[in-house]
Amino acid sequence: MDTYWNQWSAYLPLAVAAALVLIRPVWPLTRYAVTLAHEAGHAIAAICTGRRLTGVRLHSDTSGLTLSKGKPRGPGMVVTAAAGYVAPSLLGLGGSALIASGQLRVLIWGALVLTLAMLPFIRNIFGMLVVLAAAATFGGVAYYGSADLQLHFGYAAIWVLLIGNMRSIVEGGRSRCGGSDFDQLRGLTHLPRALWIGLLMAMSVATGLLAWRVQYLA
């Protein structure tokens, strides 16, 4: 694997991921994967902070909604609200670290398990279809993919999350619908919306640079 990864083709997954995120006609489809990770972040944070997760919805316009019950304010609610834009980047960085340590199959099977774990909480048909499609993709690569295919797929998926999260932060920052995570964070903390956008973007960029270091400079 190390010999293979030192060849020029090591950059192919990054190029593919960048194309999937940056090419306008393709991005709406790619964004479902980012939204799935985003809502998983909300869900995991809600559970970890003692809130009761009541459901997750994934919509055809690539948006999502995670509902939980608990205190309407406080640190737990802030962490839950912020986790959506944190999760895709952390998942990408964690995936890079797993592959670098020779745990490629752990990454792919772990992604499959995490995806399937969301099924009981999905509350709409379209969301179920998205989750099942993601699970089928991970399962197919895990069962039938060669080592090279799994490696390419794993890194492409990682960079889709890392680059896609940056784009989703930009788009979320531009949205003025009034119900975004950034608006919720502003209401919870009384800190400017722009500050939250800047903080989460800085985190996303820093995570991407760390993943680059793990992948290409280690």
So which residues in segment 46-63 are within 22 Å of ILE125 (Cα to Cα) and surrounded by 21 or more Cβ atoms within 10 Å (Cβ to Cβ)?
VAL56, LEU58
Identify, by number, the condition in (1) more than 30 Å from GLN215 (Cα to Cα); (2) out of contact with any strand residue (DSSP E or B) (no Cβ under 6 Å at 6 or more places or on another chain); (3) in contact (Cβ under 8 Å) with a residue 12 or more places away in the chain that PRO72 doesn't meet.
(3)
In this structure, does VAL78 turn out to be within 20 Å of GLY179 (Cβ to Cβ), over 16 Å from the mean Cα position of the chain (by Cα) and not in a loop (DSSP other than H, G, I, E, B)?
yes
Within segment 112-154, which residues are in a helix (DSSP H, G or I) and of a type in the set (Ser, Thr, Tyr)?
THR115, THR137, TYR143, TYR144
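Quick grid of which residues meet (1) over 30 Å from LEU188 (Cβ atoms); (2) at pLDDT 95 or above:
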| position | (1), (2) |
| --- | --- |
| THR115 | no, yes |
| LEU132 | yes, yes |
| GLY140 | yes, yes |
| GLY145 | yes, no |
LEU199 vs (1) modelled with pLDDT under 95; (2) within 15 Å of VAL86 (Cβ to Cβ): all pass except (1)
Pick out the one residue from ALA43, ALA97 that is touching a residue at least 60 places away in the same chain (Cβ under 8 Å), more than 12 Å from the chain's Cα centre (by Cα) and under 19 Å from ILE125 (Cα atoms).
ALA43
Of VAL170, VAL160, the only residue that is without any contact (Cβ under 8 Å) to a residue 60 or more places away in the chain, more than 20 Å from MET77 (Cα to Cα) and either under 19 Å from the mean Cα position of the chain (by Cα) or not in a helix (DSSP H, G or I) (or both) is VAL170
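Each row is one residue, and each column tells you yes or no for (1) touching a residue at least 24 places away in the same chain (Cβ under 8 Å); (2) buried (at least 17 other Cβ atoms within 10 Å of the Cβ); (3) within 23 Å of THR35 (Cβ to Cβ); (4) aliphatic (A, V, I, L, M).
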site: GLY179; (1), (2), (3), (4): no, no, yes, no
site: LEU185; (1), (2), (3), (4): yes, yes, yes, yes
site: LEU200; (1), (2), (3), (4): yes, yes, yes, yes
site: THR207; (1), (2), (3), (4): yes, yes, yes, no
Of the numbered conditions (1) outside any helix (DSSP H, G or I); (2) in contact with an Asp or Glu (Cβ under 8 Å, 6 or more places away or on another chain); (3) closer than 16 Å to ILE169 by Cα, THR62 satisfies every one except a single condition; which is it?
(2)
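Before we move on, is LEU114 crowded, with 22+ Cβ neighbours inside 10 Å, touching a residue at least 24 places away in the same chain (Cβ under 8 Å), closer than 30 Å to TRP196 by Cβ and out of contact with any Phe, Trp or Tyr (no Cβ under 7 Å at 6 or more places or on another chain)?
Spelling it out, it is not the case that LEU114 is crowded, with 22+ Cβ neighbours inside 10 Å, touching a residue at least 24 places away in the same chain (Cβ under 8 Å), closer than 30 Å to TRP196 by Cβ and out of contact with any Phe, Trp or Tyr (no Cβ under 7 Å at 6 or more places or on another chain).
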In this structure, is ALA135 more than 20 Å from VAL160 (Cα to Cα), without any contact (Cβ under 8 Å) to a residue 24 or more places away in the chain and out of contact with any strand residue (DSSP E or B) (no Cβ under 6 Å at 6 or more places or on another chain)?
no
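Please state which one of ALA43, ALA97 is under 25 Å from ARG193 (Cα atoms) and of a type in the set (A, V, I, L, M).
Values: ALA97 fails: under 25 Å from ARG193 (Cα atoms).
Selected residue: ALA43, the only one of ALA43, ALA97 that is under 25 Å from ARG193 (Cα atoms) and of a type in the set (A, V, I, L, M).
The values are calculated or read from the model by the stated rules, or taken from the named source; none is laboratory data. Note that the structure is predicted; figures quoted are calculated from it, not measured. Positions of Cβ are generated from backbone atoms using ideal geometry, with glycine treated the same way; all protein chains shown enter the neighbour counts.
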